[in-house]
Amino acid sequence: MSVQTKIYEGKAKILYTTDEPEILLADFKDDATAFNAQKRGSIQDKGDINCSISSKLFQQLEAHGIKTHYIDSPAPHQMRVKALKILPLEVVVRNIAAGSLCQQTGLALGTVLRQPLVEFYYKNDQLGDPLLTRDRLFLLELATLEQVNTITHLALQINKFLSDFFQGCGITLVDFKLEFGLDSQQQLLLADEISPDTCRLWDNSAGSDPNLRVLDKDRFRRDLGNVENAYQEVLQRVLKACQSN
């Protein structure tokens with residue numbers, strides 16, 4: 001496989017074409033951003049760590065019937081993926097109140113939700129990735145009703161699997177972000193990544209301390225320190241869980 005042209009650079013990854021038209025190469029970066037890129041920095045080895053975690057989790061999901069864009073990982077910071085038309089939606093699944101859900105509703109941090117909450121956000125940096133109602137989503141023609149229903153169903157399936165998987169790692173999955181895209185056959189596939197960048201992860205062994213338990217990008221957002229150690233800890237636990245499966 002030969003890398004050809006850079007076609008996209010986001011906050012966390014660069015996408016390149018390859019000599020196979022329906023395959024892209026995703027290069028994971030060490031760059032870190034928060035608050036819609038208002039805060040910027042870097043996390044040592046983040047690209048390698050997030051690529052490795054995402055690769056393992058995509059493989060686990062594929063084994064449980066969830067179709068993803070993942071093909072393989074030719075290098076620690078690189079992932080070969082199927083070329084997709086990404087829907088301009090960020091799909092957030094919440095199990096426990098944290099972040100913007102607390103800020104916008106007044107729910108106390110750590111409130112366990114009666115059932116998982118699936119939310120849709122408009123993937124548009126200029127607008128600040130706003131929360132969408134279903135009517136606004138359809139008004140903007142961001143997805144069809146069938147696609148929204150399928151995504152909601154898949155998001156809940158993924159949530160069930162990941163919640164159980166992370167519990168096996170001694171980690172609570174608080175919430176996480178997903179992205180989906182369409183392949184050349186118009187099949188809906190899970191895309192992007194699943195990592196401490198896109199998930200809120202709390203260490204079960206740290207008790208209720210709101211700072212010690214954080215194993216995700218909130219350590220960067222909130223200047224809690226030990227960001228690299230937290231990401232490495234997640235990686236080691238994921239690798240150990242995958243070996244035992």
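The values are calculated or read from the model by the stated rules, or taken from the named source; none is laboratory data. What you see is a predicted model; the values in this text were computed from it and never measured. With ideal geometry, Cβ positions are generated from the backbone for all residues, glycine too; neighbour counts draw on all protein chains shown. Remember, those area values only see protein heavy atoms, side chains included, never the ligands or the DNA or RNA. Shrake-Rupley method; radii C 1.70, N 1.55, O 1.52, S 1.80 Å.
When the Gaussian network model of the chain links Cα atoms closer than 10 Å, the mean-square fluctuations of 18, 198, 68 top out at 18. Taking a ≥ b ≥ c as the square roots of the eigenvalues of the Cα gyration tensor, an a/c ratio below 1.5 marks the chain as rounded. With the charge dipole of the stretch 121-245 set up from +1 on Lys and Arg Cβ and -1 on Asp and Glu Cβ about the Cα centre, the Cα lying farthest toward the positive end among the listed residues 207, 168, 225 is that of 207.
Between residue 226 and residue 39, full extension at 0.36 nm per residue minus the direct alpha carbon distance yields a gain of 65.6 nm. Per residue, the chain reaches -10000 deg cm²/dmol at 222 nm when only DSSP H runs of four or more residues are counted, each adding -39500 (n - 2.57). About the centre of its Cα atoms, the stretch 82-228 shows a dipole size close to 280 debye [charges on the beta carbon of Lys, Arg (+1) and Asp, Glu (-1) only; nearest 20 debye].
Between residue 103 and residue 146, the distance separating the two model label sites (each 7 Å from Cα on the Cα→Cβ line) works out to 3.7 nm. Over the stretch 33-166, accessible surface divided per residue gives 53 Å², non-protein components excluded, 1.4 Å probe.
Which entries in the list 56/160; 6/46; 11/240; 85/123; 29/82; 11/177 go over 24 Å, if you measure between the two C-alpha atoms of each? Could you put the intermediate results ahead of the total?
Values: 56/160 17 Å; 6/46 21 Å; 11/240 29 Å; 85/123 13 Å; 29/82 19 Å; 11/177 15 Å.
Distance filter (> 24 Å) returns 11/240.
Taking the Cα centre of the stretch 1-106 as reference, the dipole from Cβ charges on Lys and Arg (+1) and Asp and Glu (-1) amounts to some 380 debye. Surface composition of the chain: carbon plus sulfur atoms hold 49% of the accessible area, using a 1.4 angstrom probe and ignoring ligands, DNA and RNA. For residue 125 and residue 63, what does the FRET efficiency come to when R0 = 30 Å and r is the distance between their Cβ atoms, rounded to the nearest 0.05? Efficiency computed from Cβ-Cβ geometry: 0.30. Could you work out which residue, out of 109, 182, 127, moves most in a Gaussian network model of the chain, that is, has the largest mean-square fluctuation with Cα springs under 10 Å? Looking only at 109, 182, 127, the largest GNM fluctuation is found for 127.
The gain in end-to-end length when the residue 7 to residue 244 segment is fully stretched comes to 81.5 nm, 0.36 nm per residue minus the alpha carbon separation.
Peptides 216-228, 232-244: what's the order by average Cβ count within 10 Å, highest mean first? The partial results should precede the final answer.
Details: 216-228: 17.7, 232-244: 16.0.
Ranked from most to least packed, the peptides come out as 216-228, 232-244.
The chymotrypsin sites (Phe, Trp or Tyr not before Pro) of the stretch 33-119 that DSSP puts in a loop, and whose beta carbon has at most 10 other beta carbons within 10 Å, are 35.
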